[in-house]
Structure formats: structure tokens, C-alpha cells
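Since every read-out is calculated from the coordinates, none of them should be taken as a lab result. What you are looking at is a predicted structure, and each value in this text was computed from that prediction instead of being measured. Cβ coordinates were reconstructed from backbone atoms using ideal geometry, including for glycine residues, and neighbour counts include every protein chain displayed.
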Amino acid sequence: MKFRLLALLLLAELVLAFVSPHVARSAAVNTGEFLWNILMILPMILILMGLFDAWVPRSTVERNVGPGSGIRGVVLSILLGTAAAGPLYAAFPLAKSMQAKGAGIANITIFLGTWASVKIPMVAMEAHFVGLDFALLRLGLTVPGVILIGFILERMHGLDEVADAEGRS
């Protein structure tokens, strides 16, 4: 069943409506607002994906952020994630397009991790509210952590592919 999660959420909402109608009403309103926000952003995401697919050749992606791109791929992934705007869920379709064009798992993970945690406006606000020292410390811990996680996931993904290949032979 392709929409199993959606069906499960609707069932939970229905049960909640009988148990606590007030909470169910609030949950329904929040869900509606969230869906509206997604629908407002979705056209732009689709346009960006289309432009990425049309304008960026696979060879460029493979060369710059592919598995063998090294430090250049890491830096480009960080820059792309840091300069991005919008909510994190907007990054996943772009990450999928990057993967389809040959980007490495490490660089996709780094891109998503920096999109989620190292946007320039977010760091500036953080420095303003909790201080520059804290913002720089968090940044100094976050970026290496995201890079490390990216390479760990790429290694794990490679091991999965080897296990799959051994299982088929």
C-alpha cells in the first residue's frame, strides 16, 4: 500500500477525534496549515528540480560532488547547503536529483546537514541572540560532525551494496 503512512495518520486522527475532540481539532488545523505551507513551496521546488535537471549535466555533478570529488565536493556541498533558503523538506527533492545525477552519498548528506544547520542567516541570528562565541563553537562542532556523518553513511552504503552483490551471486 503506497499511502500506508497517510492512512495510519488519518486513522490516528479519527481515533483522536473520539477520545479528545479538542485535541483532534487542533491537530487537524495544524496539519492543514502544514499542508498549505508545503503546497505554497512545492511549485518552486518543482521548478528548481526541473532547472537543475535541464541545466546541470550529469558529468558536472559527478565531477564536482561525485564519490571521487574529494575536498572539492565537500566544500561545494557545504556552500550549496549554507547558501540555500527554505525549509529542510525543500532540500530532499534536490538531494534526490543530485543522487540521480551521480552525486556521492557523503556529499548529499553534507548538503542536507548544512542546509539543516548552517544557513548563513541562521548563524547570524544565533550569534546575535546567544553570542558569537557560542555560534562559532557550535559551527566548529557541527560542520566536522556533518562531514564525518556523510563519510560514515557513504561507507555504510558501500558496504550495503557489497552485501547485496554477494547475496545475488
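How much length is gained if the chain between Asn30 and Ala116 is pulled fully straight, taking 0.36 nm per residue apart and subtracting their Cα-Cα distance, in nm to one decimal?
Numbers: separation 86, 0.36 × 86 = 30.96 nm, distance 2.19 nm.
That works out to 28.8 nm of additional length.
When only alpha-carbon atoms count, how far does the chain stretch along each of its three principal axes, as whole angstroms with the largest first?
For the chain, the Cα extents along the three principal axes come out at 55, 55, 32 Å.
For the chain, set up a GNM with springs between Cα atoms under 10 Å and report which of Val61, Val19, Val146 has the largest fluctuation.
Its mean-square fluctuation being the largest, the pick is Val19.
Of the residues Glu126, Glu154, Glu33, which exhibits the maximal mean-square fluctuation in a Gaussian network model of the chain defined by a 10 Å Cα contact cut-off?
In this elastic network of the chain, the residue with the biggest mean-square fluctuation among Glu126, Glu154, Glu33 is Glu33.
Once you keep just the Cα pairs under 8 angstrom separated by 6 or more residues, what percentage relative contact order results for the chain?
19 percent
Beta carbons within 10 angstrom, averaged per residue: use that to sort the peptides 2-8, 130-136, highest first.
Packing proxy ranking, top to bottom: 130-136, 2-8.
Based on the mean of other Cβ atoms within 10 Å per residue, sort peptides 92-102, 37-47 so the most packed one is first. Don't jump to the answer; show the numbers that get you there.
Numbers: 92-102: 16.3, 37-47: 11.7.
Those peptides, ordered most packed to least, come out 92-102, 37-47.
In the chain, which helices (entire DSSP H runs) extend 27 Å or more along their own long axis, judged by Cα positions, while averaging at least 0.0 on the Kyte-Doolittle scale?
Helices passing the filter in the chain: 21-55, 132-168.
By count of other Cβ within 10 Å, fewest leading, how are Ser59, Ser117 ordered? Intermediate values should be presented prior to the final figure.
Details: Ser59 11, Ser117 18.
Ascending number of Cβ neighbours within 10 Å: Ser59, Ser117.
For Ile38 and Ile149, what does the FRET efficiency come to when R0 = 30 Å and r is the distance between their Cβ atoms, rounded to the nearest 0.05?
0.70
Among Arg63, Arg25, Arg138, which one shows the highest mean-square fluctuation when the chain is modelled as a Gaussian network with alpha-carbon springs under 10 Å?
Arg25
Given Cβ point charges of +1 (Lys, Arg) and -1 (Asp, Glu) and nothing else, what value in debye, to the nearest 20, does the dipole of the chain about its Cα centre take? Each step should come with its number before you reach the end.
Working: 12 positive and 11 negative charges, 46 e Å.
It works out to roughly 220 debye.
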